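A quick write-up on the structure given underneath.
The values are calculated or read from the model by the stated rules, or taken from the named source; none is laboratory data. The structure displayed is predicted, hence computed values, not measured ones. Here Cβ is always computed from backbone atoms with ideal geometry, including for glycine, and neighbour counts include all displayed protein chains. Just the protein is used for accessible areas: all its heavy atoms, side chains included, with ligands, DNA and RNA removed. Shrake-Rupley method; radii C 1.70, N 1.55, O 1.52, S 1.80 Å.
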Amino acid sequence: MCDKRAWLSPAKLNLFLYITGRRADGYHNLQTLFQFIDYSDSLYFDRRQDDKICLQTEFTLVPHDDNLIIKSANMLLTYMRQSQADFRPPFGIDITIDKKLPMGGGLGGGSSNAATTLIALNQLWQLGLSTPVLMQIGQKLGADVPIFIFGLSAFAQGIGDELVAIDVPEKWYLVVKPNVEIATAKIFNAPSLKRDSVTRRIDELLTTPFNNDCEPTVRALYPQIDDLINRLSQFAPTRLTGTGSCIFSECNTQEQAMQLQQHLAGEDVVCFIAKGINQLCR
Ligand SMILES: C[C@@](CO)(OP(=O)(O)O)[C@H](O)COP(=O)(O)OP(=O)(O)OC[C@H]1O[C@@H](n2ccc(N)nc2=O)[C@H](O)[C@@H]1O
Ligand SMILES: Nc1ncnc2c1ncn2[C@@H]1O[C@H](COP(=O)(O)OP(=O)(O)O)[C@@H](O)[C@H]1O
């Protein structure tokens, strides 16, 4: 056993998300405000006697080699072999995960798992790679991976990878996962998606009511999400995170979030209460 500690892999919320255009490669330019929350998966890395990297937790819907945990480890090995052709990791690793973050929820769980794996392997194998280099490697795995390596709440532009750290009030959130998973690509490909928001300065964005350009499309496609946002908005500001399917209600106190949760008792949704955090402890 090389490491018994739990490596936390937290969720993010997009407090606002505006789409300012579509690029030639099909990706969209965004302006978004990332906030981490204290609700996380836990990853465990155990030393193996050989040099294999194995995910020991089964994901029913994701084949082993497609899992972002394995893809990120392989991406790191590829990077190392580009600079040292004979690079071999000092030891193999068994990875297990206690998965709490719902998949396809807009909480960035897969990206967060990839980021945590890169950070952990860099440390356990003593590779000495800097945060910017890990972010570059992570970006190849997904637009959302760099923010989780950056580790500070941030205003993001580009495809979500040009980051400026920003302190936002660390509010309490009731996060609700409706009984649906939404693939990011489905929303970015939707004909109705608003893709023409005007690019604005961060100070203007922070003083204008927050919105998510994906929300009208998602609400039109998923009536359950539309209904939940309508109902919760009567009590607290409620929006979609990322491309959904999770929504979050912003509360000033934990008690307020707990009261709000009572409105959903007995419904076919998963929900949890979490606090915003501006800096991840690694
Ligand atoms: C929308 C956001 C907002 O934080 O979050 P989620 O809702 O997925 O959590 C992210 O930008 C998602 O990032 P991530 O989930 O890493 O996306 P990727 O794997 O890179 O891309 C998935 C697909 O989404 C589309 N995509 C993604 C990001 C972007 N800026 N423009 C896009 O058009 C592309 O069609 C791509 O094929
Ligand atoms: N370790 C992982 N955790 C979650 N999803 C993963 C993982 N590896 C691959 N995936 C794939 O990535 C997709 C997006 O997952 P996730 O990041 O949790 O959602 P979202 O992009 O909506 O925030 C999943 O539906 C799944 O197919």
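Give me the 1.4 Å probe accessible area per residue for the chain, excluding ligands and nucleic acids, in Å². Write out the running numbers ahead of the final one.
Numbers: 13110 Å² over 282 residues.
I get 46 Å² per residue for the chain.
Considering only protein heavy atoms and a probe of 1.4 Å, how much of the accessible area of the chain is carbon and sulfur, as a whole percent? Provide the component values of the computation, followed by the final result.
Numbers: 6490 of 13110 Å².
The value for the chain is 50 percent carbon and sulfur by accessible area.
So for the chain, considering every pair of alpha-carbon atoms, how many percent are separated by more than 24 Å?
Here the long-distance tail beyond 24 Å is 51 percent of all Cα pairs in the chain.
On a 0 to 90 degree scale, rounded to 10, what angle separates helix 109-124 from the longest Cα axis of the chain?
The angle comes out near 30 degrees.
Step through the table entries LYS140/LYS194; LYS177/LYS275; LYS4/LYS171; LYS171/LYS194; LYS12/LYS100; LYS12/LYS140, compare each Cα-Cα distance with 21 Å, and write down the pairs that go over it. Walk me through the numbers on the way to the answer.
Values: LYS140/LYS194 26 Å; LYS177/LYS275 16 Å; LYS4/LYS171 31 Å; LYS171/LYS194 28 Å; LYS12/LYS100 13 Å; LYS12/LYS140 19 Å.
Violating the 21 Å limit, Cα to Cα: LYS140/LYS194; LYS4/LYS171; LYS171/LYS194.
Order of 90-96, 162-168 by packing, highest average Cβ count within 10 Å first?
On the way: 90-96: 16.9, 162-168: 13.9.
The most tightly packed comes first, giving 90-96, 162-168.
Please compute the modelled spin-label separation between VAL133 and MET103, points set 7 Å along Cα→Cβ, answer in nm with one decimal.
That separation, rounded to one decimal, is 3.2 nm.
Taking every pair of alpha-carbon atoms in the stretch 7-165, give the share separated by more than 19 Å as a whole percent. Please report the intermediate quantities before stating the final value.
Numbers: 6790 of 12561 pairs.
Of the Cα pairs, 54 percent sit more than 19 Å apart.
Using alpha carbons only, how many degrees (0 to 90, rounded to 10) separate the axis of helix 223-232 from the longest principal axis of the chain?
70
If a/c stays under 1.5 just call it rounded; otherwise compare a/b with b/c (prolate if a/b is bigger, oblate if not). Do that for the stretch 162-210, with a ≥ b ≥ c from the square roots of the Cα gyration tensor eigenvalues. Numbers along the way, then the final one.
Details: a/c = 2.28, a/b = 1.23, b/c = 1.85.
Oblate is the answer for the stretch 162-210, as a/c is 1.5 or above yet b/c matches or exceeds a/b.
In whole Å, how far is the Cα centre of the stretch 134-169 from that of the stretch 219-239?
27
Working from Cα positions, state the angle (0 to 90°, nearest 10) between the long axis of helix 68-83 and the longest principal axis of the chain.
That helix lies at roughly 50 degrees to the long axis.
Within 10 Å, count the other beta carbons around each residue, average over each peptide in 102-108, 155-161, and list them highest first. The partial results should precede the final answer.
Working: 102-108: 23.3, 155-161: 19.7.
Output ranking for 102-108, 155-161: 102-108, 155-161.
Show me 257-268, 220-231, 62-73 ranked by packing, highest mean number of other Cβ atoms within 10 Å first. Please report the intermediate quantities before stating the final value.
On the way: 257-268: 13.3, 220-231: 15.7, 62-73: 17.7.
Those peptides, ordered most packed to least, come out 62-73, 220-231, 257-268.
Could you bin all the Cα-Cα distances of the stretch 172-277 into 10 Å bins starting at 0 and give me the percent of pairs in each, rounded to whole numbers?
Computed distribution, short to long bins: 14, 44, 33, 9, 0.
Can you tally the net charge around CYS214? Count Lys and Arg as +1, Asp and Glu as -1, for every other residue whose Cβ sits under 12 Å from the Cβ of CYS214.
Numbers: positive: LYS186, LYS194, ARG195, ARG219, ARG239; negative: ASP213, GLU215.
Charge balance near CYS214 sits at +3.
Rule-of-thumb check for the stretch 66-141: C-alpha Rg over 2.2 N^0.38 Å? Show your work: numbers first, answer last.
Details: Rg = 12.7 Å, N = 76, 2.2 N^0.38 = 11.4 Å.
Here the answer is 1.11, to two decimals.
If you average the sequence gap of Cα pairs under 8 Å that are 6 or more apart and divide by the length of the stretch 172-277, what percent do you get for the contact order?
Working: 140 pairs, mean separation 50.6, N = 106.
Normalised by residue count, the contact order of the stretch 172-277 is 48 percent.
Averaging sequence separations of C-alpha pairs under 8 Å and six or more residues apart, then dividing by the length of the chain, give the relative contact order as a whole percent. Before the final figure, lay out each step's value.
Values: 567 pairs, mean separation 69.2, N = 282.
Relative contact order, the chain: 25 percent.
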